[in-house]
There are 2 protein chains.
Amino acid sequence: MEKDGERAEGRKGIERELKRGSLELIVLHLLAPGEAYGYEIVSKLTEETGGSLEVTDGTLYPVLYRLERAGFVSVRWETPQRGVPRKYYRLTAEGRAELAALTQEWTTFAKAMAKLLRPAREGK
Amino acid sequence: MEKDGERAEGRKGIERELKRGSLELIVLHLLAPGEAYGYEIVSKLTEETGGSLEVTDGTLYPVLYRLERAGFVSVRWETPQRGVPRKYYRLTAEGRAELAALTQEWTTFAKAMAKLLRPAREGK
DNA sequence: CCAGATACCTTGTTACGCAAGGTATCTTTC
DNA sequence: GAAAGATACCTTGCGTAACAAGGTATCTGG
């Protein structure tokens, strides 16, 4: 029945697109204070943004894999006394450099957008 | 031997990804003051952002087509006294509403990102 | 009539975010 | 000690958007 009941594509899809290219930065940023494991990163993000930015683990793992492959994070397995093994990720020096670079790029982009969107416009 | 001579994957690709989902908003915004034709929009964007945000016409036309299809812009052909025919785009009422909605969504997203990235962190 | 400029349009590639589904390990309960 | 549930990691397939590259049509100037 729900022919386009929850389609509402216009609304839902935008956020996904906006997140594009920002996720890598987000993850690097969340790793800045210290190491963390996959599931932890997911909940950290939800928590720190009050739920306004979220990812599922299925989204996160490919990102982490990319980061590892690029040498931006190092990986360590640890089995806690209680619970299943966890894979801890930690920024490398290159990762920190990348974090700084991406933060810069994101900020530049956001500023350009903000300036463009600012309605103020003195007569030409 | 240019193994990855001009690939420079990391750097070039990011901006493209960041633009994702923002282009539609950008175009709607550029149409807000009044109608414009395709090529004009391309140069308006380059001009207004001092070149920090750019699109090629091959990127723009699909966007315009989407907007037209969604009813956010109306279209009018005009052949100027000198030169080739031009296709002028103008915001519809729905287009204006969409512009407002997207601006809102973009701002919300940008604020969430900015807050996350802000390093300041008072001891909990 | 031919070269060049203007303007519009199409196709194929690439990459990413995501939902859905899958695997493995540990804990609890009976 | 088997079943059920929780935790955590990983993979596959899909949709979509930005872009480069290439194509078409119209007008202007020599």
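The values are calculated or read from the model by the stated rules, or taken from the named source; none is laboratory data. Since the structure is predicted, the reported quantities are computational estimates derived from the model, not experimental observations. Counting neighbours? That spans all protein chains shown, and the Cβs are built from the backbone with ideal geometry, glycine included. The area values use the complete protein model at the heavy-atom level, side chains included, leaving out ligands, DNA and RNA. Shrake-Rupley method; radii C 1.70, N 1.55, O 1.52, S 1.80 Å.
Assorted remarks:
- Value at 222 nm in deg cm²/dmol, rounded to 500, when DSSP H runs of n ≥ 4 in chain A each add -39,500 (n - 2.57): -18000 deg cm²/dmol
- A from B by rotation - nearest chain B beta carbon to the axis, in Å: B:Arg20, 2
- Relative contact order, percent, chain A [alpha-carbon distance under 8 Å, six or more residues apart]: 24 percent
- Modelled spin-label separation between B:Arg86 and A:Arg76, with each label point placed 7 Å from Cα along the Cα-to-Cβ direction: 6.3 nm.
- Neighbour net charge for A:Trp77 - beta-carbon separation under 9 angstrom, K R +1, D E -1: +2
- Principal axis extents of the C-alpha atoms in the range A:15-117 (largest first, rounded to whole Å): 53, 29, 21.
- For chain B, the per residue solvent-accessible surface stands at 65 Å², with DNA, RNA and ligands left out and a 1.4 Å probe.
- Starting from the label point of A:Thr56 at 7 Å along Cα→Cβ, the same points in the other copies fall at 3.4 nm, in ascending order.
- Near B:Leu25: Cβ cut-off under 13 Å, other residues only, Lys/Arg at +1 and Asp/Glu at -1. The net charge is -1.
- Counting only whole DSSP H helices of chain B, the ones at least 20 Å long by C-alpha along their axis and with mean Kyte-Doolittle hydropathy no lower than -0.5 are B:93-117.
- Taking only the Cα atoms of the protein assembly as shown, the radius of gyration and Dmax are 21.4, 81 Å.
- Pseudo-label separations to other copies for B:Glu15 - Cα-to-Cβ vector, 7 Å, nm: 2.9
- Buried area at the B-A interface (accessible, heavy atoms, 1.4 Å probe, summed, Å²): 3200 Å²
- Plainly put, the tip 7 Å out from Cα toward Cβ on B:Trp77 is 6.6 nm from that tip on each other copy, the closest given first.
- Whole-percent carbon and sulfur share, accessible surface of the protein assembly as shown, 1.4 Å: 51 percent
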